[in-house]
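Please read the structure below before turning to the comments.
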Amino acid sequence: MTKSNLLKGVSNRLKSKGLQKLRWYCQLCEKQCRDENGFKCHCLSESHIRRVHNFGTNQQSTVAEFSRAFELNFLKHLQCSYRHTRVEATRVYNEVISHKEHIHMNATKWTTLTEFLKHLASKEGCEIEETPKGWFILYRPTDSEEALRMRLNNKRERENVNERSIEKVIISQSKSCKSSAPNIPSPSKMQMGKTVQTFTLKPKPECISHAQEALDCQWICVGLVVRVKAKQSLGKGVVSAINRLHLVTVSFAIGIFQEFSQAELEPVVPKIGASVFIISGSLKGAKAELLGIDLKRKEARIQMVDDGHRADKIVGLSEICKFEESRLVGLTSTEQTHALA
Ligand SMILES: [Zn+2]
């Protein structure tokens, strides 16, 4: 198609507003002419003559094709606009032919609308009725869309039935509860002051055991003299504080303070004759005098300071630690317990 032809087609479409006269419409070429002269010209055109010739040799199939297209178009309009609705046939027809590109009925095998309606009556889902007011048509489509719609409706109904039965069960249960327990006042009648109760919060047994375990494992306390395992060069230091996160602040003789975890530290064993603090075992928390050291067996002989009998005891070397008397804060003090909480 050349550019001029294209423009001509567009301008013609713009000019042809609404329906044009049927007698100037060529169904074979599906072309609407605007006046008699135009129609005459069209009838003399080469393309029209060729189509007429084809139609002459193939009349029946051409008409059948137009008929099929017209019927499809009509049914489609019914499906979209008048599902399950009784409607005047002429109304549907007028709506169908109001579309400019429709197949004209005079191109089909039906000469009148009545004839076409009688044909439709044989179709599935179409009900035709003749009344004094004219022909009426009722279309009940049986397509897949309708089947889906039916399935959804059925499902919805089933769900409603289920909901209703559940509701009944709940109501009957609540009724039986009320009748079996008539003395329980409803919440609205309760007095707020009377509903307040006192509860004693007790820690779970496993929590207590965990805390006890941690307390048993902790040997470090403020005032002990310790060494840093990985930094022996720092020399001896005194534990000056233990914070809530169990970080131990150690002050060293050279005037520096550093934080360590307990695992990074080891106890210092003093010279014989000095006082030691027992940091583990059954005597944990007590003070004693160091009487002797057996390096081979890693044992120490001690004498309990506040023991009336002054009996010697043998303990592991790792169970005793040098301490500074003035700064010592024993494991049993509230500060230590607090640090573990
Ligand atoms: Zn034509």
Query raised in the report: Exactly one of (1) surrounded by 14 or more Cβ atoms within 10 Å (Cβ to Cβ); (2) at pLDDT below 90 is unmet by I256. Its number?
Result: (1)
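Would it be correct to say that E88 is more than 16 Å from the ligand (Cβ to nearest atom), acidic (D, E), closer than 23 Å to Q27 by Cβ and surrounded by 14 or more Cβ atoms within 10 Å (Cβ to Cβ)? Full working, then the answer.
Working: more than 16 Å from the ligand (Cβ to nearest atom): yes; acidic (D, E): yes; closer than 23 Å to Q27 by Cβ: no; surrounded by 14 or more Cβ atoms within 10 Å (Cβ to Cβ): yes.
Criteria not met by E88.
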**Report entry** Residues of region 45-70 classified as within 16 Å of the ligand (Cβ to nearest atom) and in contact with a His (Cβ under 9 Å, 6 or more places away or on another chain), total
**Finding:** 2
Report task. Please work out which one of (1) closer than 22 Å to G316 by Cβ; (2) at pLDDT below 85; (3) of a type outside the set (A, V, I, L, M) is the condition G223 fails and give its number. Result -> (2)
Report task. Test V96 against the stated conditions and say whether it is free of Cβ contacts under 8 Å to residues at least 24 places away in the same chain and part of a helix (DSSP H, G or I). Result -> yes
Query raised in the report: Scanning region 34-64 for residues that are under 25 Å from T112 (Cβ atoms) and in contact with a helix residue (DSSP H, G or I) (Cβ under 9 Å, 6 or more places away or on another chain), which turns out surrounded by the most Cβ atoms within 10 Å (Cβ to Cβ)?
Result: F39
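The values are calculated or read from the model by the stated rules, or taken from the named source; none is laboratory data. What you see is a predicted model; the values in this text were computed from it and never measured. Cβ: placed from backbone, ideal geometry, glycine included. Neighbour counts: every protein chain shown.
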